[in-house]
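Submitted below is the structure of interest, expressed as structure tokens.
The values are calculated or read from the model by the stated rules, or taken from the named source; none is laboratory data. All values derive from a computational prediction rather than experimental measurement. Backbone-built Cβ (ideal geometry, glycine too); neighbour counts: all protein chains shown. Just the protein is used for accessible areas: all its heavy atoms, side chains included, with ligands, DNA and RNA removed. Shrake-Rupley method; radii C 1.70, N 1.55, O 1.52, S 1.80 Å.
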Amino acid sequence: MIHQPSRLRLDEHRGIKHHRHGLHFLALTDERGKLVWISAARPGRTHDATAARRDKIVEHLKAAGLGALADLGFIGVDKPKNPDDQVIVTGYKATRARKLTAGHKQANQILAAARAPVEHAFANLKAWRTLTKLRTDPARATALLRALLVLTNLEVNR
């Protein structure tokens with residue numbers, strides 16, 4: 001007998017627009033772009049900030065004495081009372097009412113240049129074709145993602 005998950009459970013992970021089950025995960029890299037850690041997979045609808053809060057990324061980085069450069073999806077995750085205690089550095093976001101100043105644009109360019117190795121690491125991880133075909137629940141995907149983390153590091157360091 002083949003066990004199939006209930007339809008309701010499958011629908012929890014399906015994207016509304018693409019009608020496919022998407023996955024969301026966070027990853028940390030070193031400054032050279034080597035993948036160091038991958039979070040547990042979550043449904044694709046999970047926002048970056050929500051995932052970071054659930055994984056307690058800020059607390060773990062503070063405990064290790066580390067910091068992180070992040071994209072605009074992480075704005076508001078790290079709100080220390082003292083700005084010098086900030087662990088996660090993000091860029092500046094423009095709104096309709098408030099355009100970016102020249103200084104903010106320059107800061108965003110510097111941050112983007114520093115984050116380039118991180119984006120390359122994500123590209124190397126996403127190059128595994130099995131991820132394009134992966135349509136499973138997040139619990140099963142986590143083991144696969146962590147195995148691919150090891151394989152990606154071995155492949156990149158060759």
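Looking at (1) exposed (fewer than 12 other Cβ atoms within 10 Å of the Cβ); (2) touching a residue at least 12 places away in the same chain (Cβ under 8 Å); (3) farther than 29 Å from N157 by Cβ, which is the only condition R53 fails?
Against the list (1) exposed (fewer than 12 other Cβ atoms within 10 Å of the Cβ); (2) touching a residue at least 12 places away in the same chain (Cβ under 8 Å); (3) farther than 29 Å from N157 by Cβ, R53 comes up short only on (1).
With A127, A68, A113 as the choices, which residue is surrounded by fewer than 16 Cβ atoms within 10 Å (Cβ to Cβ) and closer than 20 Å to L26 by Cβ?
Working: A68 fails: surrounded by fewer than 16 Cβ atoms within 10 Å (Cβ to Cβ); A113 fails: closer than 20 Å to L26 by Cβ.
One residue alone meets the criteria, A127.
So, of the residues in the range 91-104 that are surrounded by 12 or more Cβ atoms within 10 Å (Cβ to Cβ) and free of Cβ contacts under 8 Å to residues at least 12 places away in the same chain, which turns out to be nearest to G73 (Cα to Cα)?
Ranking the candidates gives A94 first.
Also, quick follow-up: What are the residues in the range 93-148 that are more than 18 Å from L35 (Cβ to Cβ) and of a type in the set (S, T, N, Q), if any?
Correct list: T95, T101, Q106, N108, Q109, T132, T136.
Go through the range 130-155 and count every residue that is open to solvent by 80 Å² or more (accessible area, probe 1.4 Å) and touching a residue at least 24 places away in the same chain (Cβ under 8 Å).
Result for the range 130-155: 3.
With respect to L154, determine if the residue is at pLDDT below 85 and in a helix (DSSP H, G or I). Break it down into steps so the answer makes sense when it comes.
Details: at pLDDT below 85: yes; in a helix (DSSP H, G or I): yes.
Answer is yes for this residue.
So, one more: Filter the range 87-124 down to residues that are more than 23 Å from I57 (Cα to Cα), hydrophobic (A, V, I, L, M, F, W, C) and in a loop (DSSP other than H, G, I, E, B), then give me how many there are.
Qualifying residue count, the range 87-124: 3.
Considering only the range 23-50, state which residues are open to solvent by less than 30 Å² (accessible area, probe 1.4 Å) and either at pLDDT 90 or above or under 17 Å from F122 (Cβ atoms) (or both).
The initial filter retains those residues of the range 23-50 that are open to solvent by less than 30 Å² (accessible area, probe 1.4 Å), namely 24, 26-27, 33, 35, 38-39, 41, 43, 46, 49.
Within the range 23-50, H24, L26, A27, G33, L35, I38, S39, A41, T46, A49 qualify.
Just the residues that are in contact with a helix residue (DSSP H, G or I) (Cβ under 8 Å, 6 or more places away or on another chain) and outside any helix (DSSP H, G or I), please, taken from the range 48-69.
Of everything in the range 48-69, those that are in contact with a helix residue (DSSP H, G or I) (Cβ under 8 Å, 6 or more places away or on another chain) and outside any helix (DSSP H, G or I) turn out to be G67, A68, L69.
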